[in-house]
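*Asks:* Dropping the structure in here first, questions after.
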Amino acid sequence: MALFIYGTATNTGKDFFTHQNRQDFFLQGQPADVWVIGYNEKGARWLAEKNGVEKTKTEAQALVDTEVTASQDAWDLLSDEEKRLSSRPTQITLP
Amino acid sequence: MTTYPQIKGLRVKYLSADPSGAEDGQVWYNSGTGNLRIDGIALAGSWSSGGNLGTARQRSGSAGTSQTSAMSFGGAAAPPNGAITTNSETYNGTSWSEGGNLPVGKVNLSGFGTESAAVAMNGRDNPNNPFLKTTEEYNGTSWTGGNASNTTSGIRSTSGTLTAGLATGGFTPPSAAPAEHVNNAEEYNGTNWSNVTAMPQYQAYNCQCGTQTATLNGGGNKGTSAPNVATNNISLDYDGTNWTAGPNANIASDKYTAYNGGTGTQTSALFLGGDGVTTARFDGTSFSLDASIPAARGETNSAGSAASTSALVYAGYPVPSVGNSTIEYTAPGTQIKNLSTS
């Protein structure tokens, strides 16, 4: 049985996700507007209400990988001093 | 058979709507919705979304007192060529609006105070330039220059008010020994900065909250070159005169590296802003994990003087995915729920 729904949705700000949402289902934001959502009716309804687009886990992982790789490339261009001010973005494996 | 009145001493009320002021454990039948209802079901603390900033940013300064009164100023867009901004914005609990621009855009700056009396300090105006020790004051409308601090640095931890502020630690490359981190602490009285008792360790990136005479500092220490690294996993209390070591705030691998990210008081604080999703709550005695934030964010902003039970956090790394977002904390409580037989 699937544990999560994967999708993309743009955070529109206030009440994009509410405290009640957080009580009702698992919700985890990732780069590239990817959201990992608990696999239940309320989670699915939330993604639909936010005009989200459901993705397979593979598709979602690819979006995250692309974004993280771009961030790593950008970090690699920083000066040595700037690099000491921040950590190199690390790969993210979706649950 | 034991009946409900025998257990509770009351009959289940038949009401057309949920009652106001229901007590924990109270049960009633809502004839309007056809549900048996109960009050007092435990509700965990959680984070919800707030309004989005107009300008996504990281490594910006912040000030504020509540979920309805906060501001963000300066900072930068995404690396490596992220533009440093002069922009400032204020939050009213629903949305962000434009405030007066900083006279000079700065990144890795620190801030404290309120929406109508804020301080921006240090940081730098260009990634290729040395760090600064400049101070700017905000009156709710515009920024004016203040007297310089005593320590050329950025990424300082700050807390307090415009007339009673405290700045600690920081990062000052390239510097001589002892390495790039700073153990200096200095107080601001609204006019001048004065060095006070130095911290017992060199550090940067730490979360900090409280008042000038009751400050909590902890987490952080992202740098690898800091002396005394082995002892960096302590928190520090400042009473206006002396520093006292407390328990380790870095109870998760994230580290809490948001030098503008601590919220609350010396005895009730919330730290977050590492590169993970955990938060650390201090209850006056020890740190424990609290509700996870929905997306990892580092080098974030907070309404630093807000109560830790109603924290407001915004901006931060990575830009753009969380750099324009705001999250609002609601402390654990109770709620009314339907009673179900299935």
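Condition check ((1) closer than 29 Å to residue B:107 by Cα; (2) surrounded by 23 or more Cβ atoms within 10 Å (Cβ to Cβ); (3) within 11 Å of chain A (Cβ to nearest Cβ)) across all residues:
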residue: B:239; (1), (2), (3): no, no, no
residue: B:251; (1), (2), (3): yes, no, no
residue: B:266; (1), (2), (3): yes, no, no
residue: B:269; (1), (2), (3): yes, yes, no
residue: B:277; (1), (2), (3): yes, no, yes
residue: B:304; (1), (2), (3): yes, yes, no
residue: B:309; (1), (2), (3): yes, no, no
residue: B:338; (1), (2), (3): no, no, no
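*Asks:* So which of B:295, B:258 is under 12 Å from the mean Cα position of the chain (by Cα) and within 21 Å of residue B:55 (Cβ to Cβ)?
*Replies:* Numbers: B:295 fails: under 12 Å from the mean Cα position of the chain (by Cα).
Of the residues listed, the single one that is under 12 Å from the mean Cα position of the chain (by Cα) and within 21 Å of residue B:55 (Cβ to Cβ) is B:258.
*Asks:* With away from chain A (no Cβ under 14 Å) and either closer than 24 Å to residue B:265 by Cα or touching a helix residue (DSSP H, G or I) at 6+ places or on another chain (Cβ under 8 Å) (or both) as the only criterion, which of B:200, B:173 stands out?
*Replies:* Answer to the selection: B:200.
*Asks:* So which residues in region A:83-95 are in a helix (DSSP H, G or I) and surrounded by 16 or more Cβ atoms within 10 Å (Cβ to Cβ)?
*Replies:* A:84
*Asks:* If a residue has to be farther than 23 Å from residue B:317 by Cβ and either buried (at least 21 other Cβ atoms within 10 Å of the Cβ) or of a type in the set (Ser, Thr, Tyr) (or both) to count, how many in region A:1-18 make the cut?
*Replies:* Of the residues in that region, 4 qualify.
*Asks:* Has region B:143-152 got at least one residue that is under 18 Å from residue B:261 (Cα atoms), assigned to a strand (DSSP E or B) and more than 14 Å from chain A (Cβ to nearest Cβ)?
*Replies:* Among the residues of region B:143-152, not one is under 18 Å from residue B:261 (Cα atoms), assigned to a strand (DSSP E or B) and more than 14 Å from chain A (Cβ to nearest Cβ), which makes the answer no.
*Asks:* OK, next. Of the conditions (1) under 16 Å from residue B:139 (Cα atoms); (2) in contact with a helix residue (DSSP H, G or I) (Cβ under 7 Å, 6 or more places away or on another chain), residue B:48 fails just one. Which one is it?
*Replies:* It fails just one condition, (1).
*Asks:* Are there any pairs, at least 6 apart or on different chains, whose C-beta atoms fall under 8 Å, with the first in region B:13-26 and closer than 7 Å to residue B:39 by Cα and the second surrounded by 10 or more Cβ atoms within 10 Å (Cβ to Cβ) and charged (D, E, K, R), and if so, which?
*Replies:* Between residues of region B:13-26 that are closer than 7 Å to residue B:39 by Cα and residues that are surrounded by 10 or more Cβ atoms within 10 Å (Cβ to Cβ) and charged (D, E, K, R), the close pairs are B:22/B:39; B:23/B:39; B:24/B:39; B:25/B:8; B:25/B:39; B:26/B:39.
*Asks:* If you scan region B:279-295, which residues turn out to be closer than 26 Å to residue A:9 by Cα and in a loop (DSSP other than H, G, I, E, B)?
*Replies:* Result: B:291, B:292, B:293, B:294, B:295.
*Asks:* Here's something else I'd like to know. What number of residues in region B:83-98 are among the polar types (S, T, N, Q) and either facing chain A (nearest Cβ under 9 Å) or under 17 Å from residue B:126 (Cβ atoms) (or both)? Outline the logic, then answer.
*Replies:* To start, the set of residues in region B:83-98 that are among the polar types (S, T, N, Q) comprises B:85-88, B:90, B:92, B:94-95, B:97.
Those still in the list that are either facing chain A (nearest Cβ under 9 Å) or under 17 Å from residue B:126 (Cβ atoms) (or both) too: B:85-87, B:94-95.
Qualifying residue count, region B:83-98: 5.
*Asks:* Within region B:98-122, count every residue that is part of a strand (DSSP E or B) and modelled with pLDDT of 95 or more.
*Replies:* So the answer is 10.
Table: residues versus (1) closer than 25 Å to residue B:330 by Cα; (2) outside any helix (DSSP H, G or I); (3) touching a residue at least 40 places away in the same chain (Cβ under 8 Å); (4) hydroxyl-bearing (Ser, Thr, Tyr).
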| site | (1), (2), (3), (4) |
| --- | --- |
| A:1 | no, yes, no, no |
| A:16 | yes, yes, no, no |
| A:23 | yes, no, no, no |
| A:37 | yes, yes, no, no |
| A:64 | no, no, no, no |
| A:70 | no, no, no, no |
| A:74 | no, no, no, no |
| A:78 | no, yes, no, no |
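*Asks:* Check A:86, A:79 and return the single one that is under 19 Å from residue B:316 (Cβ atoms), modelled with pLDDT under 95 and within 13 Å of chain B (Cβ to nearest Cβ).
*Replies:* Going through A:86, A:79 in turn, just one is under 19 Å from residue B:316 (Cβ atoms), modelled with pLDDT under 95 and within 13 Å of chain B (Cβ to nearest Cβ): A:86.
*Asks:* Name the residue that is farthest from the other protein chains (Cβ to nearest Cβ), counting only residues in region B:28-82 that are of a type in the set (A, V, I, L, M) and farther than 27 Å from residue B:106 by Cα.
*Replies:* It comes out as B:36.
The values are calculated or read from the model by the stated rules, or taken from the named source; none is laboratory data. Just so you know, these numbers come straight off a predicted model, no measurement behind them. Quick reminder, even Gly has a Cβ in these numbers, built from the backbone with ideal geometry, and neighbours come from all protein chains shown.
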